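Below is one structure, written out as structure tokens, with a few remarks after it.
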Amino acid sequence: AQKITQTQPGMFVQEKEAVTLDCTYDTSDQSYGLFWYKQPSSGEMIFLIYQGSYDEQNATEGRYSLNFQKARKSANLVISASQLGDSAMYFCAMLQGAQKLVFGQGTRLTINP
Amino acid sequence: GAGVSQTPSNKVTEKGKYVELRCDPISGHTALYWYRQSLGQGPEFLIYFQGTGAADDSGLPNDRFFAVRPEGSVSTLKIQRTERGDSAVYLCASSLRQGALYEQYFGPGTRLTVT
């Protein structure tokens, strides 16, 4: 079974700094997909970025990039030039069986002005 | 266009009562998912529909939980004889089809409190 581990319960960062949120995963599948979601206090899960296991390049979406290290089974999210609106819970997830997402425990990110 | 909507946004019920939670997916999305998020945890998968049929209900915790999607659009999650441990946020998501290429869009959730 797949498992996602996020070891940082909380992170505090100054505005405009870059921040890395850690995610490690465990799977025996050769083909898999990794996702990051943002959950603000309103509760809605917002898709940020996706990385496929066979993708040769690290995924990037605007200020978000994914530092994918397949051999280490890590998929860390990097947010550049953080903004106050980035304060939220962040979840790493893996697609299991091509249909259901398995989520980690989450990291609460707080951006300080 | 409209996103995934869920009603009610909040539901308070007494232990032992029956509740129904509704999800309206994005129009045209064939895949629909229910997740449950307990306080301080990540969401946990409950059930997945492809069209009208439940393709995977392996996440339903017990037979008090049941979900339907009779016309392949709106889905209802039904919980019988509610228990205090059922208190959580119930999230619904939909995607155009199943698979990694198709992003799951989440609704705002229904916060269920069982007293």
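Wrap a convex hull around the Cα atoms of chain A, take a quarter of its surface area, and give that in square nanometres. Let's see the in-between values first.
Details: hull surface 26.9 nm².
Spelled out: convex hull of the Cα atoms, projected over all directions, averaged, 6.7 nm².
Report the net charge of residues surrounding B:Tyr105, where surrounding means a beta-carbon distance below 14 angstrom and charges are Lys +1, Arg +1, Asp -1, Glu -1.
-1
Summarise the partner chain shielding of A:43-49 as one whole number: the mean count of Cβ atoms from other chains within 10 Å of each residue's Cβ.
The per-residue average across the peptide is 6.
Would you work out the charge dipole size for the range A:16-113 about its Cα centre, treating the Cβ of every Lys and Arg as +1 and the Cβ of every Asp and Glu as -1, and quote it to the nearest 20 debye?
140 debye
Using θ = phi - 60° and the Karplus curve 6.51 cos²θ - 1.76 cosθ + 1.60, what whole-Hz ³J(HN,Hα) does each residue of the range A:18-24 get, with Gly and Pro shown as x?
Listing the rounded values in order: 8, 9, 10, 9, 7, 8, 10 Hz.
Using +1 on the beta carbon of Lys and Arg, -1 on that of Asp and Glu, and nothing else charged, what's the dipole of the range B:15-60 about the Cα centre, debye to 20?
240 debye
Compute, for chain B, the length of the dipole vector about the Cα centre, with Cβ point charges of +1 (Lys, Arg) and -1 (Asp, Glu) only. Units Debye, rounded to 20.
320 debye
Let me check against my output: what whole-number percent is the relative contact order of chain A, with C-alpha pairs under 8 Å and at least 6 apart?
On the way: 279 pairs, mean separation 42.2, N = 113.
Once normalised by length, the contact order is 37 percent.
At q = 0.18 Å⁻¹, work out log10 I(q)/I(0) for the range B:1-54 with the Debye formula, treating every Cα as an identical point scatterer and leaving solvent out; two decimals please.
Per q value, in the given order, log10 I(q)/I(0) is -0.80.
To two decimal places, what compactness ratio does the range A:1-47 give when its Cα radius of gyration is scaled by 2.2 N^0.38 Å? Write down the numbers at each step before the final one.
Numbers: Rg = 13.7 Å, N = 47, 2.2 N^0.38 = 9.5 Å.
The value comes to 1.44.
Using the eigenvalues of the Cα gyration tensor, what equivalent ellipsoid semi-axes result for the range B:69-115 when each is taken as the square root of five times the eigenvalue, whole Å, largest first?
Working from the Cα gyration tensor, I get semi-axes of 26, 14, 8 Å.
What number in nm² do you get for the protein assembly as shown if you take the convex hull of its Cα atoms and divide its surface by four?
Answer in nm², one decimal: 12.6.
Picking from B:Val74, B:Thr30, B:Ser87, whose Cα lies most toward the positive end of the charge dipole for chain B (charges on Cβ: Lys, Arg +1; Asp, Glu -1)?
Going by the charge dipole, the pick is B:Ser87.
When DSSP beta bridges are limited to those with both residues in the protein assembly as shown, what percentage is antiparallel, rounded to the nearest 5?
Details: 67 of 76 bridges.
DSSP beta bridges in the protein assembly as shown are roughly 90 percent antiparallel.
Over all alpha-carbon pairs in chain B, figure out the percentage whose distance exceeds 26 Å.
For chain B, the share of Cα pairs beyond 26 Å comes to 13 percent.
Readers should treat all values here as calculations from the given coordinates under stated rules, not as data from a laboratory. The model shown is predicted, which means the values in this text are computed figures rather than measured ones. Because the Cβ atoms are built from the backbone with ideal geometry, glycine has one as well, and the counts that use them run over all protein chains shown.
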